[in-house]
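Comments concern the structure below.
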Amino acid sequence: MAEKNFTLVTEFLLMAFTDCPERALPLFLLFLFIYLTTLWGNLGMIILIRVDLRLHTPMYFLLSHLSFMDICYSSVTVPQMMAVLLEHGVALSYTRCAAQFFLFTFFGSIDCYLLALMAYDRYLAVCRPLLYVTIMTQKARLGFVGGAYVAGVFSALVRTVSAFTLSFCGTNEIDFIFCDLPPLLKLTCGDSYTQEVVIIVFAIFVIPACMVVILVSYLLIILAIVRIPSVGGRAKTFSTCASHLTSVSLFFGTLIFMYLRDKSGQSTEKDRVVSVFYTAVIPMLNPLIYSLRNKEVKEALKKALNRARLS
C-alpha cells in the first residue's frame with residue numbers, strides 16, 4: 001500500500017454535483033425552492049393542526065411531530081447542498097461531519113418511529129374503534145412520542161460513535177451531498193469489522209423493525225376493510241389511511257434502496273439523486289400528501305384561508 005494511504009483524514013471534502021459547474025446555479029435554485037417549500041409547508045401544517053380544534057386528535061398530533069422532524073431533517077442537509085453547489089465543494093472538519101451524521105441519523109430515526117406509530121394509530125382507529133379513545137390518551141401520545149425521541153437519540157449516538165471510531169485514511173473527498181454512512185465507509189482503512197456489525201445491526205433494528213409494525217398494522221387494517229359490507233364504507237375507511245400509506249411508501253422505499261442493497265463500487269449519480277429524494281423531496285411532499293388526500297385537512301385549510309381573507 002502506498003504511503004499516502006496511511007495518512008489519517010482530519011477533514012472531509014464534499015464534492016457532489018461539482019463535476020458539471022454549469023449545473024450549479026440551476027441546482028442551487030431548485031434546492032432553494034425545495035427547502036423554502038419544505039419550511040413553509042411543514043410549518044403551515046403544524047400551525048393548522050394547532051389552531052383547528054377538529055385536528056386535535058392523536059393522528060394529527062403525531063403528524064405535527066412528523067412535520068417538525070421533516071423541517072429539522074431537511075435543514076441538516078439541504079443548506080449544505082446549496083453551499084457545495086455555490087462553492088464547488090465544501091470542507092467539513094471531522095467534528096462537524098460527525099455532528100451532521102448524528103443529527104441526520106437522529107431526525108431520520110424519529111421519522112421512522114413516528115411513521116410506525118402513525119400506522120399503529122390507524123390500526124387502532126380502524127380495527128379497535130371502541131378502545132381507541134381509551135388507548136390513545138394524551139398521556140399515551142406523549143409517552144409514544146417521548147419514546148420515539150429517546151430511541152432516536154440512542155440510535156444516533158450508537159451509530160455515530162461506531163462510525164467515527166473507524167479510521168479514515170487516503171483521500172478525503174466524498175462524492176456525496178452530506179456525511180452519510182455509505183460514502184464514509186468507502187474511506188475506512190484498517191479493521192472495521194466490529195463497528196460495521198454494530199452499524200448494520202442498528203440499521204436492521206430501526207428500518208425493518210418499523211416496517212414490520214407498519215406492515216402488520218396495514219395487513220390487519222386491510223382484513224378489517226374487506227369485512228366491511230358496503231363499497232362506500234370500504235372506500236371511506238381506506239381513505240383515512242391513504243395519505244400515511246403514500247408517505248410510508250416513499251420514505252421507506254428510498255431508504256431501502258440506499259441502505260439495504262449492495263454498495264460495492266463508487267458513488268453513482270443514481271445514489272446522489274436518491275439521496276436528494278429522501279433528504280429533500282420527501283419532506284417537501286409530506287404536507288402536500290396529507291393536505292391533498294385528507295378531507296379534514298383540506299376543510300381546515302379552507303377555513304383558515306377564508307378567515308384570513310375576511311380579517
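The values are calculated or read from the model by the stated rules, or taken from the named source; none is laboratory data. This one's a predicted model, so the numbers in the text were calculated from it and none came from an experiment. Every residue, glycine among them, receives a Cβ derived from its backbone with ideal geometry; neighbour counts consider all protein chains shown. Only protein heavy atoms, including side chains, enter the accessible area calculation; ligands, DNA and RNA are left aside. Shrake-Rupley method; radii C 1.70, N 1.55, O 1.52, S 1.80 Å.
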Roughly what percent of Cα-Cα pairs across the chain reach past 37 Å?
-> 23
For the chain, return all DSSP H helices satisfying: extent of Cα atoms along own axis at least 18 Å; mean Kyte-Doolittle hydropathy at least 0.0.
-> 24-51, 58-87, 94-127, 138-163, 193-226, 231-259
Percent carbon-and-sulfur accessible area, the chain, ignoring ligands, DNA and RNA, probe 1.4 Å | 70
What FRET efficiency do you get for Leu36 and Ser239 if R0 is 45 Å and r is their Cβ-Cβ distance, rounded to the nearest 0.05?
-> 0.90
If you count, for each residue, the other Cβ atoms within 10 Å and average over each peptide, how do 155-162, 72-79, 28-35 line up from highest to lowest?
-> 72-79, 155-162, 28-35
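Pairs on different chains or at least eight residues apart, Cα atoms closer than 22 Å: how many lysine pairs in the chain fit? Write out the running numbers ahead of the final one.
Numbers: Lys4/Lys186; Lys186/Lys263; Lys186/Lys270; Lys236/Lys295; Lys236/Lys298; Lys236/Lys302; Lys295/Lys303.
Within the chain, the lysine pair count is 7.
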Mean ellipticity per residue at 222 nm, deg cm²/dmol - from DSSP H runs of n ≥ 4 across the chain, formula -39500 (n - 2.57) | -25500 deg cm²/dmol
Using 0.36 nm per residue, how much length does the chain from Leu223 to Ala209 gain when fully extended, once their Cα-Cα distance is taken away?
-> 2.9 nm
Between Leu131 and Arg50, what is the FRET efficiency for a Förster distance of 35 Å, r being their Cβ-Cβ separation, to the nearest 0.05?
-> 0.85
Do you know the relative contact order of the chain, to the nearest whole percent, from alpha carbon pairs under 8 angstrom that are 6+ apart?
-> 28
Accessible solvent surface per residue of segment 54-124, calculated while the other protein chains remain in place, 1.4 angstrom probe, Å² = 29
May I ask you to order 178-188, 82-92 by the average number of other C-beta atoms within 10 Å around their residues, highest value first?
-> 178-188, 82-92
